[in-house]
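In what follows, a single structure is set out as structure tokens and then discussed.
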Amino acid sequence: MDERIAVIGAGYVGLTTAACLAELGYLVTCADVDAVRVGELRSGRLPIHEDGLGELVQTHLADGRLEFEVGAVHAVVDADVVFICVPTPELPDGSADMSFVHSVATEIGPRLKSGAIVINKSTVPVGSLRQVERSLARSDVAVVSNPEFLREGSAVADFLQPDRIVIGADDPEIAARVAALYRPLAAPILLTDPVSAETIKYAANSFLATKLSFVNALAAVCEAVGADVDEVMLGIGYDSRIGHEFLRPGPGWGGSCFPKDTGALIRIAEAAGYDFSLLRGVVDVNREQFERVVDKITRALGGSLDGARIAALGLAFKAGTDDVRHSPALEVIDRLVARGATVRAYDPVVTVSPSADVVLADDLYAACVDADVVVVLTEWDEFRLVDLDRLAGVVARRAVVDTRNVFDRAALQRLDFTFDGVGRR
Ligand code: UDX
């Protein structure tokens, strides 16, 4: 535990990495360019909602194993290992914006200790490790790819109980030093070359997105032929080669990773001369899914969205997070508003309206007052406990479109609601 670690970037990935490495016993300095954010973190306040992370940060601020700095330079001077965890947002053409990674590398290059290891944890285009080496301009510093596979909402658990750890390095001794950092986790470790490690990250997210587009497309087939998608998914999930995970249909997939990483992999393949038509199809099916949800809502309203009052339940891209980046809920809401509807929304954790077009209500029932249709967009458990009699009493029309299949359909129908789910008979 005598390695000193610097983590550059205090977002989802950086903060989780820093706090969890402190939990493993290392001395960690986490740096961010945002002085306000660093100030908040020093007093134990987090900029994001992530299960268990606040407790870890507070514990290790108190025991001195975790500290926060403004700017990367102060954090790296004493570090043996530096994790780069800055964002790589999507550019308009779908490729990843590497400018934050490069500016960090250029800035810290002259200040690193000789023999230090720089680890790319940010999701970076295949081949980026070489570019980071050039930006660092240090022949005595090794660069390693070690992608993260953290889900929002369970990032701490995913870090501390990972399915696997992937380390891409040219030098086996450097790879072994990085692997040793994770020894307390007792997880399978895959040592590979840098380009394969970088590709694994995109492949994992693109495969999962493919699985979900398949499920959502199959839900459309189920509706057409009169099958029940939940039964079908249960039936295929028992095949151990398929598995039960990630088979829930929904309004489409979203979040900060899948849209960005599928787009980036399509671009990476294209630049290398391969047309990844399968993955383009996966992205197209997702866009169609947003449209299918809008069609369902239009049908539930009797054919027109113009002037309709819609109650949207859920804004976060999935339950367990307050993140609305690339949220399917917003994709659907934007389309509804563009076609003349007004939207009042309720989300248990999103407390600031993410769009000028969406009015936020304080609770579920307030969102549904005078609504022509109630639309479930995020699978919050709280929605399962809804008092349907009370709901029936406040809406203007008894119509529900449930894109997450969380409501009790039979109970709604007993109260004369029309009901449409995803992939249900
Ligand atoms: C994902 C990956 O899971 C993680 O390994 C990676 O490092 C980052 O991207 P995250 O974006 O936090 O994590 O969300 P995830 O739980 O994977 O969900 C992604 C999207 O798929 C959400 O929009 C979610 O609602 C949707 N989803 C997920 C479904 O529609 N059905 C499912 O069965 C599972």
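The values are calculated or read from the model by the stated rules, or taken from the named source; none is laboratory data. Since we're looking at a predicted model, the values are computed, not measured. Methodologically, a virtual Cβ is constructed for each residue, glycine included, from the backbone with ideal geometry; neighbour enumeration extends over all protein chains shown.
Points worth noting:
- Residue ranges of helices (runs of 4 or more DSSP H) in the range 88-161 with at least 2 members of a type outside the set (Gly, Ala, Ser) and within 26 Å of Ala187 (Cβ to Cβ): 128-136, 155-160
- A single member of Arg309, Arg299, Arg325 is within 16 Å of the ligand (Cβ to nearest atom), in contact (Cβ under 8 Å) with a residue 12 or more places away in the chain, under 28 Å from Ser355 (Cβ atoms) and of a type in the set (D, E, K, R), and it is Arg325.
- For the range 343-363, the count of residues that are under 25 Å from Ala220 (Cα atoms), touching a helix residue (DSSP H, G or I) at 6+ places or on another chain (Cβ under 6 Å) and in contact (Cβ under 8 Å) with a residue 12 or more places away in the chain is zero.
- Failed criterion for Tyr274 (all others in (1) touching a Gly at 6+ places or on another chain (Cβ under 9 Å); (2) modelled with pLDDT of 95 or more; (3) assigned to a loop (DSSP other than H, G, I, E, B) hold): (1)
- Single residue of Val86, Val70 found to be within 16 Å of the ligand (Cβ to nearest atom), within 22 Å of Arg4 (Cβ to Cβ) and at pLDDT 95 or above: Val86
- The range 321-335, residues that are in contact with a Gly (Cβ under 6 Å, 6 or more places away or on another chain), buried (at least 24 other Cβ atoms within 10 Å of the Cβ) and not polar (S, T, N, Q): Pro328, Ala329
- Enumeration of residues in the range 310-334 that are in contact with a Leu (Cβ under 9 Å, 6 or more places away or on another chain) and among the polar types (S, T, N, Q): Ser327
- Condition check for Asn146: within 23 Å of the chain's Cα centre (by Cα), more than 30 Å from Val422 (Cα to Cα) and touching a residue at least 40 places away in the same chain (Cβ under 8 Å): yes
- Single match in Val101, Val118 (criterion: within 16 Å of Thr17 (Cα to Cα) and away from the ligand (no atom under 16 Å from the Cβ)): Val118
- Exclusive hit being within 16 Å of the ligand (Cβ to nearest atom), surrounded by fewer than 22 Cβ atoms within 10 Å (Cβ to Cβ), not aliphatic (A, V, I, L, M) and not assigned by TED's automatic domain parsing to the domain that holds Ser206, set Asp93, Asp51: Asp51
- Checked against the criteria, His102 does not count as within 19 Å of Leu136 (Cβ to Cβ), in the same structural domain as Leu181 (by TED's automatic domain parsing) and at pLDDT below 95.
- Residue among Thr298, Thr342 that alone is touching a Lys or Arg at 6+ places or on another chain (Cβ under 7 Å) and among the β-branched types (Val, Ile, Thr): Thr342
- Counting the residues of the range 121-151 that are within 9 Å of the ligand (Cβ to nearest atom) and at pLDDT 95 or above gives 5.
- Meets criteria (assigned to a loop (DSSP other than H, G, I, E, B), within 20 Å of Leu301 (Cβ to Cβ) and in the same structural domain as Leu247 (by TED's automatic domain parsing)) for Arg425: no
- Evaluation of Val221 against the conditions (1) exposed (fewer than 14 other Cβ atoms within 10 Å of the Cβ); (2) within 30 Å of Leu330 (Cβ to Cβ); (3) within 12 Å of the ligand (Cβ to nearest atom) shows that the sole unmet condition is (3).
- Scanning the range 165-190 for residues that are among the hydrophobic types (A, V, I, L, M, F, W, C), out of contact with any Leu (no Cβ under 6 Å at 6 or more places or on another chain), buried (at least 18 other Cβ atoms within 10 Å of the Cβ) and outside any helix (DSSP H, G or I) yields a count of 3.
For every residue, the table says whether it meets (1) outside any helix (DSSP H, G or I); (2) at pLDDT below 95.
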{"site": "Gly302", "(1), (2)": "yes, no"}
{"site": "Gly307", "(1), (2)": "yes, no"}
{"site": "Ala312", "(1), (2)": "yes, no"}
{"site": "Gly320", "(1), (2)": "yes, yes"}
{"site": "His326", "(1), (2)": "yes, no"}
{"site": "Val343", "(1), (2)": "yes, no"}
{"site": "Val349", "(1), (2)": "yes, yes"}
{"site": "Val352", "(1), (2)": "yes, yes"}
{"site": "Ala367", "(1), (2)": "no, no"}
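- Subset tally (residues that are surrounded by fewer than 18 Cβ atoms within 10 Å (Cβ to Cβ), within 13 Å of the ligand (Cβ to nearest atom) and in contact (Cβ under 8 Å) with a residue 12 or more places away in the chain) for the range 224-276: 1
- Close Cβ contacts (under 9 Å, 6 or more residues apart or on different chains) running from residues in the range 18-30 that are closer than 17 Å to Val86 by Cβ to residues that are surrounded by 24 or more Cβ atoms within 10 Å (Cβ to Cβ) and charged (D, E, K, R) are absent.
- Positions within the range 194-204 being surrounded by 23 or more Cβ atoms within 10 Å (Cβ to Cβ) and within 11 Å of the ligand (Cβ to nearest atom), in sequence order: Lys201, Tyr202
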